[in-house]
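S.K.: First the structure, which I've put down as structure tokens, then a few questions once you've had a look.
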Amino acid sequence: MIFSTVGTQLPFDRLLSGLEDWAACNTGVPILAQAGKSRKTFHHIQTVTHLSQTEFRNTFRQARLIVAHAGMGTILSAAELGKPLILMPRRAQFQEHRNDHQLDTAREMVRLSNVTVVQDQKELHDALDRFAANGFAAPSHEAEDGNTEIEPLLEVIRDFVWNTTSDTPAIPHPDQGRAA
């Protein structure tokens, strides 16, 4: 099963429509999408508006492939559970988000061994075809340092979230400001 999640803010019909089109030609592959605020009707993928945390986690565990927006919660869950992940960043130009921070997130996360980044439906279909041809196994490429263990993957994500760059304000780490 492929599990797709698009987050909870604005509709992300570009991703869902891409999955729908691919599923129409690949009817033997079940796809469940947590579709959020989408108002579209889909015939080739199963959709739900929302899953509880327990349902989300169980579905995530059962999935062979995750297809999602470039949200950090999804990226962390995929890394933690060792799931291959196709990310399609939401784009402000399509009114999918307020800004293009998901493009920056995707640029950083593409170096993880379990992440494939796509920008449009054609790239999504190509990536899904590659995964299907490989039995939905994780990509064979390794992380830049050659280590595919989960902790180094999580450390890259933690560094990206908690460290500042010259043009990005720092996000306070949850432990900052606590009394010692």
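The values are calculated or read from the model by the stated rules, or taken from the named source; none is laboratory data. This is a predicted model, so every value here is computed, not measured. Cβ coordinates were reconstructed from backbone atoms using ideal geometry, including for glycine residues, and neighbour counts include every protein chain displayed. Heavy atoms of the whole protein, side chains included, go into the accessibility calculation; ligands, DNA and RNA do not. Shrake-Rupley method; radii C 1.70, N 1.55, O 1.52, S 1.80 Å.
S.K.: Restricting to the range 98-110, and then to whatever is within 20 Å of Gly18 (Cβ to Cβ) and in contact with a Phe, Trp or Tyr (Cβ under 9 Å, 6 or more places away or on another chain), can you tell me which residue is surrounded by the most Cβ atoms within 10 Å (Cβ to Cβ)?
M.R.: Once the filter is applied, the top-ranked residue is Met109.
S.K.: (1) within 18 Å of Met1 (Cα to Cα); (2) touching a helix residue (DSSP H, G or I) at 6+ places or on another chain (Cβ under 6 Å): which one isn't true of Lys83, the others all being true?
M.R.: (2)
S.K.: Which of the residues spanning the range 108-134 are charged (D, E, K, R) and not in a helix (DSSP H, G or I)? Let's see the steps before the verdict.
M.R.: Start the filter on the range 108-134 by keeping residues that are charged (D, E, K, R), which leaves 108, 111, 120, 122-123, 126, 129-130.
Arg111, Asp120, listed by residue number.
S.K.: Here's another thing I want to ask about it. How about the range 111-129: which of its residues are open to solvent by 70 Å² or more (accessible area, probe 1.4 Å) and modelled with pLDDT under 95?
M.R.: Arg111
S.K.: Collect the residues in the range 13-30 that are outside any helix (DSSP H, G or I) and under 19 Å from Arg90 (Cβ atoms), keeping them in residue-number order.
M.R.: Here is the first cut: in the range 13-30, the residues outside any helix (DSSP H, G or I) are 26-30.
If the condition is that a residue be outside any helix (DSSP H, G or I) and under 19 Å from Arg90 (Cβ atoms), then no residue fits.
S.K.: Take the residues in the range 130-139 that are at pLDDT 85 or above and of a type in the set (A, V, I, L, M, F, W, C), then tell me which one is surrounded by the fewest Cβ atoms within 10 Å (Cβ to Cβ).
M.R.: Keep residues of the range 130-139 that are at pLDDT 85 or above, which gives 130-136.
Next, from what is left, pick out any that are of a type in the set (A, V, I, L, M, F, W, C): 131-133, 136.
Numbers: Phe131: 21, Ala132: 15, Ala133: 9, Phe136: 16.
The extreme case among them is Ala133.
S.K.: Hey, another quick one. Go through the range 62-76 and report how many residues are assigned to a strand (DSSP E or B) and open to solvent by 70 Å² or more (accessible area, probe 1.4 Å). Working first, answer last.
M.R.: Narrowing the range 62-76 to residues assigned to a strand (DSSP E or B): 65-68.
Restricting the remaining residues to those that are open to solvent by 70 Å² or more (accessible area, probe 1.4 Å) gives none.
Going through the range 62-76 one residue at a time, the tally reaches 0.
S.K.: Looking at the range 20-31, I want the residues that are surrounded by fewer than 18 Cβ atoms within 10 Å (Cβ to Cβ) and have a partner that is among the hydrophobic types (A, V, I, L, M, F, W, C) and assigned to a loop (DSSP other than H, G, I, E, B) with Cβ atoms under 7 Å, at least 6 apart or on another chain. Which pairs are those?
M.R.: Pro30/Met1
S.K.: I'm trying to understand the selection: among the residues of the range 79-98, which are over 8 Å from the mean Cα position of the chain (by Cα) and not in a loop (DSSP other than H, G, I, E, B)?
M.R.: Ala79, Glu80, Leu81, Ala92, Gln93, Phe94
S.K.: How many residues are among the acidic types (Asp, Glu), within 19 Å of Asp104 (Cα to Cα) and out of contact with any Lys or Arg (no Cβ under 9 Å at 6 or more places or on another chain) if we restrict to the range 115-133?
M.R.: Adding up the residues that qualify gives 1.
S.K.: Count, please, the residues in the range 73-93 that happen to be farther than 13 Å from Arg107 by Cα and hydrophobic (A, V, I, L, M, F, W, C).
M.R.: Going through the range 73-93 one residue at a time, the tally reaches 6.
S.K.: Inspect the range 39-61 for any residue being part of a loop (DSSP other than H, G, I, E, B), aromatic (Phe, Trp, Tyr), open to solvent by less than 50 Å² (accessible area, probe 1.4 Å) and under 19 Å from Ala127 (Cβ atoms) and give the result as yes or no.
M.R.: no
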